[in-house]
Amino acid sequence: MKIYRGFQNIAPLNSPVVAVGSFDGVHRGHVQILRYLCDTAAARGGESVVVTFDPHPQQLLNPNSDFFTINTLEENLSRIAGLGVDVAVVVPFTRAFSEISYTDFIEHYIIGLLNARALVMGPNHALGHNREGGRAKIEALCQQHHVDVIDIPELFWDNAQVHSSNIRKLIQNRKFGQVNELLGYSYKEKH
């Protein structure tokens, strides 16, 4: 997997199919999205591209909260690469970047710089300042630019939603058996 730090100097991509997110933990829900990303890119003869952020947006926007990441960026990138993703773009997440509207993010970065042909999204995904760009807004904007939006259904595992926030709560409560079930691998406790 090629890894770019920021959007500068990215080599031209072939019909990219893009997924945007923090992908912290690369849990079963993320795996479902990333497998669909890779399968869709392969079916279209294009490249699979993940756009992620460093630091995690919550670390910058809520520094006094009890938020913690499930894995390091390097661990997440290793898991993403292991799923067969072609390219990862790690965006330096700053306060200024957090204030970009979803329209600017999609039009300038995803379409303008990456030349995305499709965007793969989970059901609760939102982009832009204050998460203003929900599914319907993003789909309408992408449609104007002839970019497909591919919706991935919510993943439930043993009747639980597979979300990073749920996994963090389980880690805090030291329920590592359930953590491992939702992650799909053994969690390494950070000290």
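The values are calculated or read from the model by the stated rules, or taken from the named source; none is laboratory data. Everything numeric in this text was worked out from a predicted model, so none of it was measured. Heads up, the Cβs are rebuilt from the backbone with ideal geometry, glycines too, and the neighbour counts pull from every protein chain shown. Heavy atoms of the whole protein, side chains included, go into the accessibility calculation; ligands, DNA and RNA do not. Shrake-Rupley method; radii C 1.70, N 1.55, O 1.52, S 1.80 Å.
Close amide H pairs (under 5 Å, H built 1.01 Å from N) link Val89 with Tyr4, Val50, Val51, Thr52, residues at least 5 positions away or on another chain. Taking a point 7 Å out from the Cα of Tyr4 in the direction of its Cβ, the residues of region 32-60 whose backbone N falls within less than 13 Å of it are 47-52. Nonpolar atom fraction for region 65-191, defined as the carbon and sulfur part of the 1.4 Å probe accessible area, stands at 48 percent.
Here each label is just a point 7 Å from Cα along the line to Cβ, and for Glu75 and His129 those points are 3.4 nm apart. Give me the distance between the Cα centres of region 170-188 and region 57-82, rounded to whole Å. Centre-to-centre (Cα) distance: 16 Å.
Counting other Cβ atoms within 10 Å, which GluC sites (Glu not before Pro) in region 101-180 have at most 13 and lie in a DSSP loop?
Answer by residue number: Glu132, Glu154.
Would you work out if region 1-126 is rounded, prolate or oblate? Take a ≥ b ≥ c from the square roots of the eigenvalues of the alpha-carbon gyration tensor; rounded if a/c is under 1.5, else prolate when a/b is larger than b/c, oblate otherwise. Kindly include the intermediate steps, with their values, before the conclusion.
Numbers: a/c = 1.71, a/b = 1.26, b/c = 1.35.
Taking the square roots of the gyration eigenvalues as a ≥ b ≥ c, region 1-126 is oblate.
Loop only per DSSP, at most 13 neighbouring Cβ atoms within 10 Å: give me the GluC sites (Glu not before Pro) in region 1-102, ordered by residue number. Listed in order of number, the matching sites are Glu99. Our coupling estimate for region 131-145, obtained by passing each phi through the Karplus curve with A = 6.51, B = -1.76, C = 1.60 and θ = phi - 60°, is 6, 5, x, x, 3, 5, 5, 5, 4, 4, 5, 5, 4, 4, 9 Hz, Gly and Pro reported as x. In this structure the chain gives 51 Å² per residue of accessible area when probed at 1.4 Å with all protein chains present.
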